[in-house]
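K.L.:
What follows is a structure written as C-alpha cells; I'll ask about it next.
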Amino acid sequence: MSKYLLNKFLYTVDRDPALVERYRSDPRELVTWWEASLANTLLNCVAGESSTWLRFTDDERAALVAHDHVRLFELGAHPFLTLTLFIAMFERDNTEPLQYQKAYGARLAHFDLPYPDIAT
C-alpha cells in the first residue's frame, strides 16, 4: 500500500479539469491510464526522471474506481485531497448549498480518534 501514491493521484487529478472530468465519467479508464502513465513520474522534478515500482494495490484501485472516499480515508488518503477532488466532481449534482460536503462528512462520522494515519 502506498499512501503517497493515493495522495499523488488525488492531487494531480484535482489540478487538471480535463482529468477531473475523465475521472467523473470513466473512473476505471482514468485510474488505469494514470497508473500506467503518471504513477511513476516524480512530482515537481526534471522531465524524464521517474521510478519503476509504484503501483496501486487491488484495494486502492477498487476504492479509486468506486469513488469511495470512506475507503480511501481508511487506506490513508488525506481527507482534504479527496474532499476537494470530489467537490469538483460531484458538487454540481446537488441543489442545496454545501449538500455534498455535509454528505461527505456524514459518511465519515463513524470514525473515532485516533483516525487512520494519513502521514506519507
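The values are calculated or read from the model by the stated rules, or taken from the named source; none is laboratory data. A quick note: this is a predicted structure, and the numbers were derived from the prediction, not measured. Here Cβ is always computed from backbone atoms with ideal geometry, including for glycine, and neighbour counts include all displayed protein chains.
K.L.:
Could you say which residue among A63, A88 is crowded, with 17+ Cβ neighbours inside 10 Å, in a helix (DSSP H, G or I), at pLDDT 95 or above and among the aliphatic types (A, V, I, L, M)?
P.N.:
A63
K.L.:
Within the stretch 14-60, count every residue that is modelled with pLDDT of 90 or more and not aromatic (F, W, Y).
P.N.:
Number of matching residues: 23.
K.L.:
Kindly indicate the residue of the stretch 6-18 that is without any contact (Cβ under 8 Å) to a residue 60 or more places away in the chain and crowded, with 19+ Cβ neighbours inside 10 Å and also nearest to H67 (Cα to Cα) among those meeting that condition.
P.N.:
The residue in question is F9.
K.L.:
Still on this structure, please answer the following. Can you tell me which residues in the stretch 1-37 are in contact with a helix residue (DSSP H, G or I) (Cβ under 8 Å, 6 or more places away or on another chain) and of a type in the set (S, T, N, Q)?
P.N.:
The answer is S2, N7, T12.
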